[in-house]
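Down below is the structure, laid out as structure tokens.
The values are calculated or read from the model by the stated rules, or taken from the named source; none is laboratory data. This one's a predicted model, so the numbers in the text were calculated from it and none came from an experiment. Because the Cβ atoms are built from the backbone with ideal geometry, glycine has one as well, and the counts that use them run over all protein chains shown. Remember, those area values only see protein heavy atoms, side chains included, never the ligands or the DNA or RNA. Shrake-Rupley method; radii C 1.70, N 1.55, O 1.52, S 1.80 Å.
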Amino acid sequence: MASVGQTYEQVSEGLPLGRRSPRGQLRWYLVRCHEGREQDTCAKVRQIVPAELLQDAFVPRKERQRKYHGQWQTDVVPFFAGHFVVATTDAPALSRALAQLSFGVQMVGAVGRGYQPISRDAQRVLTEAMDQSHVVRLSWGEIVEDKLHVQGGPLVGKEDRVARFVRRKSFASVRVGEGDGAAAMLTMPLAIVARR
């Protein structure tokens, strides 16, 4: 596990962290937990931490298409293995509350006495892409004259954000955070159904 002082790019899949925000603004922050225990740990945190410190906590997830024994199957996996998202207006106080829990959780993005939230652009992209159960569903499209055209799913209209895609693995690298000065890529599900 990486130390708190490391940059986020060193400990996760590249979700950009934005600038520290003043106390009182509701922002999303990442919390590190044991990989494979994201849902259980997030549920415990929601039950234990007082509502005045924790407005919301959830595990962002995404659909993943894989080929098993020659058949395509879709399963749902955590978007960021070993992490879940908390929404709070007071990150330092929430961090102190989390540090007192008996199971291992730790806020990511420590800077001095504060914490860097998830960048506003990344938060906006995830909010638009996730359904009510915080799952980013599979998008699908086709390549026409070497240009991507997304026909369905949460990436419709976001073709300009797609930096690259891997057809045989059904995923795309989506640019986020450029306006925040914290550009990074999110891996999102995308199936290319045809090429013309």
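Would it be correct to say that Gly82 is within 18 Å of His34 (Cα to Cα) and open to solvent by less than 30 Å² (accessible area, probe 1.4 Å)? Yes.
Kindly provide the set of residues from region 68-92 that are in a strand (DSSP E or B) and either hydrophobic (A, V, I, L, M, F, W, C) or farther than 19 Å from Val166 by Cα (or both), ordered by number.
Trp72, Val76, Val77, Pro78, His83, Phe84, Val85, Val86, Ala87, Thr88
The combined condition, being touching a residue at least 60 places away in the same chain (Cβ under 8 Å) and farther than 17 Å from Trp28 by Cα, is fulfilled by Arg137.
Checking the stated criteria, Arg137 turns out to be of a type in the set (Lys, Arg), modelled with pLDDT of 90 or more and within 21 Å of Val76 (Cα to Cα).
In region 93-122, of all residues being within 18 Å of Asp40 (Cα to Cα) and in a strand (DSSP E or B), the one that is most open to solvent (accessible area, probe 1.4 Å) corresponds to Gln106. Every residue in region 126-178 that is closer than 22 Å to Ala194 by Cβ and assigned to a helix (DSSP H, G or I), please. If the condition is that a residue be closer than 22 Å to Ala194 by Cβ and assigned to a helix (DSSP H, G or I), then Glu159, Asp160, Arg161, Arg167, Arg168, Lys169 are the ones that fit. The single condition among (1) open to solvent by 60 Å² or more (accessible area, probe 1.4 Å); (2) in contact with a Lys or Arg (Cβ under 8 Å, 6 or more places away or on another chain); (3) not basic (Lys, Arg) that Ala172 does not meet is (1).
Screening Val150, Val136, Val156 for residues that are open to solvent by 40 Å² or more (accessible area, probe 1.4 Å), in contact with a strand residue (DSSP E or B) (Cβ under 8 Å, 6 or more places away or on another chain) and hydrophobic (A, V, I, L, M, F, W, C) leaves exactly one candidate, Val156. Give me a count of the residues in region 49-67 that are open to solvent by 20 Å² or more (accessible area, probe 1.4 Å) and assigned to a loop (DSSP other than H, G, I, E, B). Number of matching residues: 5.
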